[in-house]
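The values are calculated or read from the model by the stated rules, or taken from the named source; none is laboratory data. None of the values given here were measured: they were computed from a predicted structure. When we count neighbours, we look across all protein chains shown, and the Cβ atoms used for this are built from the backbone with ideal geometry, even at glycine. With ligands, DNA and RNA removed, areas are computed over all heavy atoms of the protein, side chains included. Shrake-Rupley method; radii C 1.70, N 1.55, O 1.52, S 1.80 Å.
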Amino acid sequence: MRYAYISATSSAAAALLFVSSLSAQQSISTAAESWGHWRGPLQTGVAAGAAPVRWSDTSNIAWRVEIPGRGHSSPVIWGDRIFLTTAVPTGQKAAASDAAAGGGGLRGDGGAGSHEEHRFDVLALDRATGKTMWRQTAVTALPHEGYHATYGSFASNSPTTDGQRIYASFGSRGVFAYDMNGKPLWQRDFNIQMRMFQEFGEGVGPVLDEGRLIVLFDHEGDGFLAMLDAATGREIWRTPRTDGTNWAAPLVVRHDGRKQIVVNSPHKVRGYDYESGKQVWETTGLGLNTIPRAVQHGDSVVVMSGFINPRAMAIRLGRQGDLAGTDAIKWTATRGLAYTTSPVLLDGKLYFLTDNGMVSAIEADTGTPVYQQVRLPKPYAIKSSPVAAGGMLYFPTEDGDVVVARIGSTLDVVAINTLTDQSFVASPAIAGGDIFLRSRTHLFRVHE
């Protein structure tokens, strides 16, 4: 194997890549042309520039390509390339003894897909044509447990890139770095087999910030948060965590010239010192199954959960210790919150939606509703996080529609774009005036 191989012995879980802001060297044109991270260049779900508003099977589709295997990771874009991950069954079935040993999940049958060996692949596609430029198999392995049969995959952790390297996580299978031409650079194997609640599957990708890679491994066993050197994969620090299964990606926040890493989970929301990994503050308040990504607004970070005991909270930064019950909790909300989708933050307002297509907007500074639980044109099933561009909100649905609404004091739907026989779980990417949509089977470039 052509990696600088790095082993680790303690537990780890799904990694999440994130770049908190554009570096000083990046130009405005680079920002508009790239989408290097799952939630966009500013980690808010907002694109630099506009995107198409209307398309169909026969109009404004520059290309569509079939993606092999199964993966719900979102594509990322830099320069002339699009990067994404997938997991492809090899056809090699597990022996009965291996399946029994590897299943280990709460269902007792190993869960969806876990009784067959998979090839875990990283792909680079040509942005103009959709042609595959390179494809690397990071690892071939028999998964130890499965995923949610409808919404899970073995490639749900979104990759990230800074234009120098592409970083991909396959959770329990490891984290992998490549140069932009597909040359393997390093691999980090944490020697962990994550045990996710109900075998719903792994899905937290690595977070990239100024030459550092932040990885989070939260599951039903001993997990941790760690920081790696992005160039080499060397571990800088590691902080143990025992907060249970969590699908919410970490967020790097900045306050008073210092950086922290915020991790929300069902047990506690915690803030960690960026340089040392030591915990700075904590608070309770979120419900089960934390999935939405936190966002920073001014001197606060907003976190959210939408399953049992749903709650959103704005937490003031700059505090220390246990913040529960103090004025560090700036505001809370409990209505119409997102369960699986992450919010969009734009112009001081937070936009989010429920899994059945009820959209809400609140003032991020005060939690005051702008509008609440306004239904999209029909009761869609939704797992893809919304994005924004050019004054529009984009809501991809499992039904194959992408609803486009004008941003304002009301939800003003301006277009419903249908792609036949498609279903969207991955979040879109927007760059250079185009929107890139990954369905369960294909990747589309929408160009107006």
Quiz item: Rounded to the nearest 500 deg cm²/dmol, what is the calculated helix-only ellipticity per residue at 222 nm for the chain, with -39500 (n - 2.57) per DSSP H run of length n ≥ 4?
Solution: -1000 deg cm²/dmol
Exercise. For Glu210, enumerate residues with amide H under 5 Å from its amide H, sequence gap 5+ or separate chain, H modeled in the peptide plane.
Key: Ser20
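With a 1.4 Å probe and all protein chains kept in place, how do Lys183, Lys330 rank by accessible area, largest first?
Largest accessible area first, the residues go Lys183, Lys330.
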Self-check item: Inverse of mean 1/r across different Cα pairs in segment 291-374, Kirkwood, Å
Solution: 12.8 Å
Quiz item: So how exposed is Arg135, as accessible area in Å² (1.4 Å probe, rounded to 10)?
Solution: 100 Å²
Exercise. Find out how many positive minus negative residues lie around Pro75, taking Lys and Arg as positive, Asp and Glu as negative, among other residues whose Cβ is under 12 Å from that of Pro75.
Key: +3
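Find the percent of Cα-Cα distances in the chain that exceed 37 Å, and round it to a whole number.
17 percent
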Quiz item: For the chain, modelled as a Gaussian network with Cα springs under 10 Å, which listed residue fluctuates most, Ala388, Ala312, Ala429?
Solution: Ala312
Quiz prompt | Contact order relative to length of segment 336-448, as percent, for alpha carbon pairs under 8 angstrom and 6 or more apart | solution = 16 percent
Practice problem: Leaving ligands, DNA and RNA out of it, work out the accessible area of Glu363 with a 1.4 Å probe and give it in Å² to the nearest 10. | Solution: 60 Å²
Practice problem: Please report the relative contact order for the chain, taking Cα pairs under 8 Å with a sequence separation of at least 6, and give it as a percent rounded to a whole number. | Solution: 17 percent
Quiz item: Could the peptides 343-351, 321-329 be put in order, highest first, of the mean number of other beta-carbon atoms found within 10 Å of their residues?
Solution: 343-351, 321-329
Quiz item: Distance from the Cα centre of segment 377-418 to that of segment 315-353, in angstrom?
Solution: 23 Å
Quiz item: So in the chain, what percent of DSSP beta bridges are antiparallel if you round to the nearest 5?
Solution: 95 percent
Quiz item: Rounded to two decimals, what is Rg over Rh for segment 114-199 when you use alpha-carbon atoms and the Kirkwood radius?
Solution: 0.99
Quiz prompt | Cα-based equivalent ellipsoid, segment 169-228: semi-axes from gyration tensor eigenvalues, Å | solution = 23, 13, 10
Quiz item: Based on the Kirkwood radius over alpha-carbon pairs, what is the Stokes-Einstein translational diffusion coefficient of segment 221-368 at 10 °C with 1.306 mPa s viscosity, in µm²/s?
Solution: 102 µm²/s
Quiz item: If you average the sequence gap of Cα pairs under 8 Å that are 6 or more apart and divide by the length of segment 132-278, what percent do you get for the contact order?
Solution: 16 percent
Practice problem: Please list, in chain and number order, the residues 5+ apart from Trp134 or on another chain whose amide H is under 5 Å from its amide H, with Hs placed from the backbone. | Solution: Ala124
Quiz prompt | Asp222 - accessible surface, heavy atoms, 1.4 Å probe, Å² rounded to 10 | solution = 100 Å²
Quiz item: For the chain, modelled as a GNM with alpha-carbon contacts under 10 angstrom, which of Asp121, Asp218, Asp412 fluctuates the most?
Solution: Asp412
Quiz prompt | Interchain or long-range residues, amide H under 5 Å from Thr441's placed H | solution = Ser423
Self-check item: Fraction in percent of alpha-carbon pairs per bin - 10 Å, segment 154-199
Solution: 27, 48, 20, 6
Practice problem: For segment 256-262, just list the computed ³J(HN,Hα) in residue order, Karplus coefficients 6.51, -1.76 and 1.60, θ = phi - 60°, integers in Hz, with x standing in for Gly and Pro. | Solution: 6, x, 10, 10, 10, 10, 9
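What is the diffusion coefficient of segment 358-437 in µm²/s, taking the Kirkwood radius over Cα pairs and the Stokes-Einstein relation at 4 °C with a viscosity of 1.567 mPa s?
97 µm²/s
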Quiz prompt | Hz values of 3J(HN,Hα) by residue in segment 431-439 - Karplus curve (6.51, -1.76, 1.60), Gly and Pro given as x | solution = 7, x, x, 10, 10, 10, 10, 9, 8
Exercise. Using a 1.4 angstrom probe, figure out how much accessible area the chain has per residue, in square angstrom, rounded to the nearest whole.
Key: 36 Å²
